[in-house]
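Coordinate-derived values only; no laboratory data. The structure displayed is predicted, hence computed values, not measured ones. Heads up, the Cβs are rebuilt from the backbone with ideal geometry, glycines too, and the neighbour counts pull from every protein chain shown.
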Amino acid sequence: MAKVGKRTAAAREAFAGKADVTVEEAMALVKTNAKAKFDETVEIAMNLGVDPRHADQMVRGVVSLPNGTGKTVRVAVFARDAKAEEAKAAGADIVGAEDLMAAIQGGQLDFDRCIATPDMMPIVGRLGKILGPRNLMPNPKLGTVTMDVTAAVTNAKGGEVQFKAEKGGVVHAGVGKASFDDANLVENVRAFIDAVQKARPTGAKGAYIQKVVVSSTMGPAVTISVDNAIGN
C-alpha cells in the first residue's frame, strides 16, 4: 500500500466528516489546505441530470467571473486588416488568417481561447477536427465568433470561463486561485453555479444539479450542499 505523505494525511483529516457544506465553508476548507509550493487553482465540478449525447440535454455556456480566474489566458484571433489590428491592440497573443490556420495544422496550439470574425469561419471550419475536441472552436453562442474582437479579447483575458457538459453530464472549471480572498472565491463559485443553473436545457428532467464538488489542484475535494449552492 502506498505511503501517504504528512501533507496529504493532514488534509484528509481536515476534510474528514465534512460533506454538503456551504459555499463559504467549502472555500475556507479548500484555501486552508492548499499547501502546495505553487498557487493552486480552485476547481469546481458539477454533476448534472442530463445526457449530453442528446441535443436537447446539452449544457454549454460562458460566464464572466467577477474576480477573474487568476490565470494568464493566451488568445488567438482569426481576423484580417482593420480587425486584425483591433485584435492586436486589445491584447491578442496570436493574430492571423491562412497563416494561423497553417500554424495550427502544423501542431502549434499554444493558446487557450480562439476568436474569429464571421468572415474567417470558412477558414476556421477546416480546423474543426483539431479545435473541436479541445473546446477551442469559435462559436457565436459563446461570443467567440464576432465583429467586436476588442470585447471578445478583453473578456477572454479578464476572467471569462466557458463550460460544456462532458460525458456523464459533468461540467467543470477553474474558478480562481487559492491566494484569492475567501469572499472573492465565494463570489466566483456562486457566479459559476448560477450560470450553469441558467443554462439548464429544455430536455433536462427531474433534479438538474445533482452534486457540486470543489477542490484545489493538489487538495482533497469537498461537496457543497446543492440547496446552498443554488440558494434554496
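Table for the structure above
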item	result
Reachable aspartates and glutamates from Lys83, criterion Cα separation under 17 angstrom, eight or more residues apart if same chain	Asp93, Glu98, Asp99, Asp119, Asp148
CD proxy at 222 nm, helix term only [per DSSP H run n ≥ 4: -39500 (n - 2.57); per residue of the chain; nearest 500]	-9000 deg cm²/dmol
Of all DSSP beta bridges in the chain, antiparallel share, percent nearest 5	70 percent
Of [x] 51, 44, 26; [y] 58, 43, 37; [z] 62, 52, 46, the label for Cα extents along the principal axes in Å derived from the coordinates	[y]
Helix axis angle, 182-198 relative to the chain longest principal axis, alpha carbon, degrees	70 degrees
Segments 131-142, 107-118 sorted - mean Cβ within 10 Å per residue, highest first	107-118, 131-142
Neighbourhood net charge (9 Å Cβ-Cβ; Lys/Arg +1, Asp/Glu -1) for Gly174	+1
Region 67-112 and region 181-232: distance between their alpha carbon centers, rounded to Å	31 Å
Residues of type aspartates and glutamates that Lys167 reaches as a straight line, Cα spacing below 17 Å, ignoring anything fewer than 8 places off in the same chain	Asp51, Asp56
Tilt relative to the chain, helix 81-90 - C-alpha long axis, 0 to 90 degrees, to 10	30 degrees
18 Å Cα-Cα reach of Lys177 towards aspartates and glutamates, excluding residues that sit fewer than 8 places from it in its own chain	Glu24, Glu25, Asp39, Glu40, Glu43, Asp112, Glu160, Glu187
Cross-link pairs Lys88/Lys141; Lys164/Lys211; Lys71/Lys141 - those with Cα-Cα distance over 19 Å	Lys88/Lys141; Lys71/Lys141
Amide proton proximity set for Lys211, modelled H, under 5 Å, gap of 5+	Asn47
C-alpha long axis of helix 6-15 to longest principal axis of the chain, angle in °	80 degrees
